[in-house]
Every structure is written in structure tokens, then in C-alpha cells.
Amino acid sequence: MPTADTDGAAGFVLAIDFGGTKIDVATAGPDGAIRAARRLTTDPAAGARAAVERAVRTARELAAAAGGPCLAAGAVSPGIVREDRVLLAPNVPGWEELPLPGLLRDGLGLDVVAVDTDVKAAALAEARRGALRGADPGIFYGLGTGIAAAIVTGGRVLRGAHGAAGEVGYSLVGDGPQPAARAGHAPLEELAGGRAIGDRATAALGEPVSAEEAFARAAAGDPRARAVVEGAVTALAAHVANLAVALDPERIAVGGGLAGAADVLLPALEARLREAVPFPPELVLARFTTNAPLHGAIALALEAARDGAGAGRLPVPAESGEARA
């Protein structure tokens, strides 16, 4: 792994986005622009450590081809990353038992690797260079396999007492008794997340259907797909509106895999916000619609380098005087 004896802004950063179904690995320049990237399948059946090892090998290959010093690395993961484990990340077997930061430091050969929750890092990227720039408060919704939100206020991403602020996938749905967090369930995510939509559409249609296909079939008029999609979107819209009532945000940005169905999703969310929120926020697509976590990993790496935590250092841009997230 190249390291820096430091020459200012020269060099690159590494970024890794560990997702439930895919892993994105990239190098980026000091301006945050991606230089090279590869996508791997997560392959949950092979286990968590195997996924990390494949990501590290790919990162080292990209770093070797990049030339110049590696200034820092950033990585993002579902769940709440601790030094010895990852909380609230059950989708890949063994992921919750991973000492992820240490595995990445050792594998990449870097003393410091900045690691954070994927949606919080995505919100950082949107606040620094994307759709939430200047919004205070701003909310980023990551709508994909899972559902989570991140709140940006005063230039910082709100973490909460245990790092779990914005884990709205655990919100209750309906008013009756239901399996919830203590039992290992995430009620809203199990109703409106991409995997849940695909599973219910598959059951309703009698053939394998992804969330993307369910939205497409609903738009084409299939009543079975429409029932699944409308149920999920209605529940999601209520929770988006409730969070907006609680926080009075200036702007909400929506990203993640389900943002591909923005023509259905955004009008439903917009209508609910207008109806239910005393001061409805602006609702927009995220700048980094489908790869915000990867750009979040880049943002983590750049800020680590600027703070002197990486192998080299970057100057703080004139427009980045806001507090660190």
C-alpha cells in the first residue's frame, strides 16, 4: 500500500461501501471525484470475513494502480460500527461479530481507517457536496434493502447517545402489538424496505420479483403489485412526515435503491408532507442517488486526511469551514 511522506494535496483516498447485496470499492482524488471503482457481490453465504477480505484485495489492487500516496481510507457499513463488533446489522451472517475497523487497518496497511454507518456517511457526503448543502436541519433518507435516516444540523450528522440516531427502520407500524427491536425485528424496514417489497411481491405474483420489478409492474397496472407497493409507500410516507413534524427540516433528500422509483415514491412522499407537516420541507432526490454511501466513505477519508488522521494531509478547502461531522 503506498503511503505519503506528504506533498500537500497530491495523492488519493480509498473508499469502501459494504452493502447487503454489493460492495463498492473506489479511489478518489482530493476533490472527491472518483478515479476508479469496482463493484463486488457481497455473497452473504460465503460469510462476513470473506466479504471483507475480497474488498481489501480489491482496494489494494486499485491503490497499486492509482499511483501517488494514499492519504487515508474510509469505509461504511450497515449498522452501528464499534471497534469489536457491528450492532444492528443482521443481513450478512457473521457481520455483527466483525471487528471491522481493525480488519481494515490491518488489511489495508494503514494506521487509521475512518469507519461509519453507511447512511450517516451518505448524509455527510450530501451535506458537503450534495443535495443537503446549506440545509439546516437536513434529513437524508437511505431507502434500499434497509431503511434509515440521518439528520444534519449545525454542519454535523447527529449520532445519538448510542450512535443509532435515525435508525427509523425500527419504527413501529400500526397500533397493535408487533415483534420489534427487542425480538430482533425492524417493523418499518420489514414492511417498506426493498427486500421486503420484493419478498411480498414474489409471494403475491407467484414468481421471483425484485422491488424494482414490483414498482414497474405496479406502474403497468398489475393490481397485485400495486397493492404491495402502495402498502409500503403509504407506511413509509407516514413515517417521513412524522419525522419532519418532529424535526422541522429545511430539506429532505432521498437516495438508495428505491430512489430508482422516484416517479412513484416522491409524489407520494410530497403529498403526505404537504398534508401533515405544518411547515413542509423541500423534498429532493439526493445528488448521489444510488451510490451515496460510497461518496460518504470518500468524505470520511477526505476529512480524516484533512485532520491529519491519514497517511498524508489535505488542506481544508475555503468553503469547508463548517464543523466536522
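The values are calculated or read from the model by the stated rules, or taken from the named source; none is laboratory data. The model shown is predicted, which means the values in this text are computed figures rather than measured ones. Cβ placement follows ideal geometry from the backbone for every residue including glycine, while neighbour counts extend to all protein chains displayed.
Of note:
This table checks each residue for (1) closer than 20 Å to LEU172 by Cβ; (2) assigned by TED's automatic domain parsing to the domain that holds ALA262; (3) out of contact with any strand residue (DSSP E or B) (no Cβ under 8 Å at 6 or more places or on another chain); (4) surrounded by 17 or more Cβ atoms within 10 Å (Cβ to Cβ).
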| position | (1), (2), (3), (4) |
| --- | --- |
| ARG195 | yes, yes, yes, yes |
| ALA201 | no, yes, yes, yes |
| LEU205 | no, yes, yes, no |
| PRO208 | no, yes, yes, no |
| GLU213 | no, yes, yes, yes |
| ALA219 | no, yes, yes, no |
| PRO223 | no, yes, yes, no |
| GLY231 | yes, yes, yes, no |
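- Condition met for ALA261 (more than 21 Å from GLU167 (Cβ to Cβ) and crowded, with 20+ Cβ neighbours inside 10 Å): yes
- Residues that are among the aliphatic types (A, V, I, L, M) and surrounded by fewer than 16 Cβ atoms within 10 Å (Cβ to Cβ), drawn from region 267-294: ALA271, ALA276, LEU285
- Screening ALA46 on (1) at pLDDT below 90; (2) touching a Lys or Arg at 6+ places or on another chain (Cβ under 6 Å) shows it passes everything except condition (2).
- Selection status of VAL229, under 23 Å from ALA121 (Cβ atoms) and aliphatic (A, V, I, L, M): no
- Checking GLY144, GLY155, GLY138 one by one, the residue that is modelled with pLDDT under 90, under 21 Å from LEU300 (Cβ atoms) and buried (at least 24 other Cβ atoms within 10 Å of the Cβ) is GLY144 and no other.
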